[in-house]
Each structure stands twice: as C-alpha cells, then as structure tokens.
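Here the structure is laid out as structure tokens; the discussion comes afterwards.
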Amino acid sequence: MIINRDLCDICGSCVAVCPADAIEISEFKVTILDEVCINCLKCIQVCPIKAIKEGN
Ligand code: SF4
Ligand code: SF4
C-alpha cells in the first residue's frame, strides 16, 4: 500500500480498521508496514480522502 502523505490528514481511520495492525500512526505521519499487510484493502475503502492506493 502507498500513502499519499500530501493528502493524508492523519485521521486514523485506516489504523482503526486494519485487521493486521500493519499501520503505524504518529503525530506527523502514517506508515504501512508492507511485510505485515495482508492486502485486505480495508484501509483503501475507509480512507475518506482516498490517500491510500495499492502498490509498494
Ligand atoms: S490492506 Fe488491510 S492489512 Fe494491509 S494495511 Fe490496509 S487494512 Fe491493513
Ligand atoms: S484513513 Fe486516509 S487520511 Fe486517514 S490516516 Fe489513513 S491514509 Fe490518512
């Protein structure tokens, strides 16, 4: 998964929905750990501003 950090406002919705705990959030950025991600695509579906897309 790729996060467009110019769009992401760190709302945390993707972190809350991820079943694999593959998304880390800090005050400044969100990071998806590709080695943990199970490609369920829930983060893409839940992001209100479409800041996440497939790929790595
Ligand atoms: S695709 Fe699924 S497992 Fe991967 S980061 Fe998004 S919500 Fe988590
Ligand atoms: S759901 Fe979208 S806007 Fe919210 S933290 Fe995740 S990537 Fe950023």
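When Cys18 is tested against (1) free of Cβ contacts under 8 Å to residues at least 40 places away in the same chain; (2) in contact with a Leu (Cβ under 6 Å, 6 or more places away or on another chain), only condition (2) is not met.
Looking across segment 31-56, just one residue is of a type in the set (A, V, I, L, M), free of Cβ contacts under 8 Å to residues at least 24 places away in the same chain and either within 15 Å of Ile10 (Cβ to Cβ) or exposed (fewer than 11 other Cβ atoms within 10 Å of the Cβ) (or both), and that is Ile38. Against the test of being within 7 Å of ligand 2 (Cβ to nearest atom), among the hydrophobic types (A, V, I, L, M, F, W, C) and at positive phi, the options Ile3, Ile49, Ile10 yield a single qualifying residue, Ile10.
The set of residues in segment 36-53 that are of a type in the set (A, V, I, L, M, F, W, C) and in a helix (DSSP H, G or I) comprises Cys43, Ile44, Val46. Residues being over 16 Å from Cys8 (Cβ atoms) and either touching a Gly at 6+ places or on another chain (Cβ under 9 Å) or open to solvent by 90 Å² or more (accessible area, probe 1.4 Å) (or both): count how many of those fall in segment 19-30. Summing the residues that are over 16 Å from Cys8 (Cβ atoms) and either touching a Gly at 6+ places or on another chain (Cβ under 9 Å) or open to solvent by 90 Å² or more (accessible area, probe 1.4 Å) (or both) in segment 19-30 gives 1.
The values are calculated or read from the model by the stated rules, or taken from the named source; none is laboratory data. For clarity, every value in this text was computed on a predicted model and none was experimentally measured. Positions of Cβ are backbone-derived with ideal geometry, glycine not excepted, and every protein chain shown enters the neighbour counts. Surface accessibility is based on the protein's heavy atoms, side chains included, excluding ligands, DNA and RNA. Shrake-Rupley method; radii C 1.70, N 1.55, O 1.52, S 1.80 Å.
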